[in-house]
1. Of all residues in segment 155-172 being in contact with a Lys or Arg (Cβ under 9 Å, 6 or more places away or on another chain) and among the charged types (D, E, K, R), which is surrounded by the most Cβ atoms within 10 Å (Cβ to Cβ)?
2. Keeping to segment 17-34, report how many residues are more than 14 Å from ASP47 (Cα to Cα) and either exposed (fewer than 13 other Cβ atoms within 10 Å of the Cβ) or not assigned by TED's automatic domain parsing to the domain that holds ASP48 (or both).
3. Can you tell me which residue in segment 141-174 is farthest from THR123 (Cα to Cα), limited to those that are free of Cβ contacts under 8 Å to residues at least 12 places away in the same chain and hydrophobic (A, V, I, L, M, F, W, C)?
4. Out of ASP141, ASP74, which single residue is more than 30 Å from ILE7 (Cα to Cα), surrounded by fewer than 10 Cβ atoms within 10 Å (Cβ to Cβ), of a type in the set (Asp, Glu) and at pLDDT 65 or above?
5. In segment 139-151, what count of residues is obtained for those that are farther than 20 Å from GLY162 by Cα and not charged (D, E, K, R)?
Amino acid sequence: MSNLLSISEVCNLYKVTRKTIYNWQSAGKISIIKKGRNSFVESTIVDDLAERRATTNVTQNDTDLHSVITQLSDRITQLEGVITQLRDDLLQCNTPTAQKVKEITQQNTQTESTDLSSRPYDTRRASEWLEKCQRVFTQLDPQEQQTITKKDFAERAGVSRGTVTKRWGEIISIANK
């Protein structure tokens with residue numbers, strides 16, 4: 001009984017799952033010995049199987065992985081060449097598509113501006129907020145226009161304090177007209 005291991009011991013010692021053990025049994029590689037309610041496997045048989053499994057998997061997986069990486073690297077290099085050739089061909093044409101490719105290439109090589117006003121949606125939204133703020137500001141009585149804080153004004157206008165702070169000069173310029 002000293003060379004017998006329980007299924008749990010085999011799982012822990014050899015880092016295999018119960019399913020692997022039962023697969024080995026189904027394949028006829030090991031025999032499971034039942035003693036009462038417990039199941040045991042001979043340790044010498046499991047030693048051989050686990051060792052062969054580890055060696056085979058590592059060697060085969062390393063070889064397969066290296067092969068796949070090499071194939072992917074070659075394919076990427078090939079695709080880069082095709083893309084470069086297509087881009088060059090398009091740039092030599094005088095078609096609207098070639099113009100578009102030139103523009104996109106120029107845009108990608110230049111650093112893009114993060115200025116929000118360069119985007120039409122943000123420009124429109126900012127002008128709507130400014131108009132709204134100016135309407136609210138003109139509805140205030142002159143005394144309140146002089147004393148209201150940016151925070152209070154932002155709450156009253158329903159816009160962010162950042163917008164009010166950024167556009168405060170433009171907002172109050174309406175009162176000076």
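1. So the residue we want is ARG161.
2. So the answer is 8.
3. ILE148
4. Working: ASP74 fails: surrounded by fewer than 10 Cβ atoms within 10 Å (Cβ to Cβ).
On inspection, the qualifying residue turns out to be ASP141.
5. Kept after step one, since they are farther than 20 Å from GLY162 by Cα, are these residues of segment 139-151: 139-144.
Restricting the remaining residues to those that are not charged (D, E, K, R) gives 139-140, 142-143.
Residues in segment 139-151 being farther than 20 Å from GLY162 by Cα and not charged (D, E, K, R): 4 in total.
The values are calculated or read from the model by the stated rules, or taken from the named source; none is laboratory data. Quantities reported herein were computed from a predicted structural model and do not represent experimental measurements. All Cβ positions, glycine included, derive from the backbone under ideal geometry; neighbour counts span all protein chains shown.
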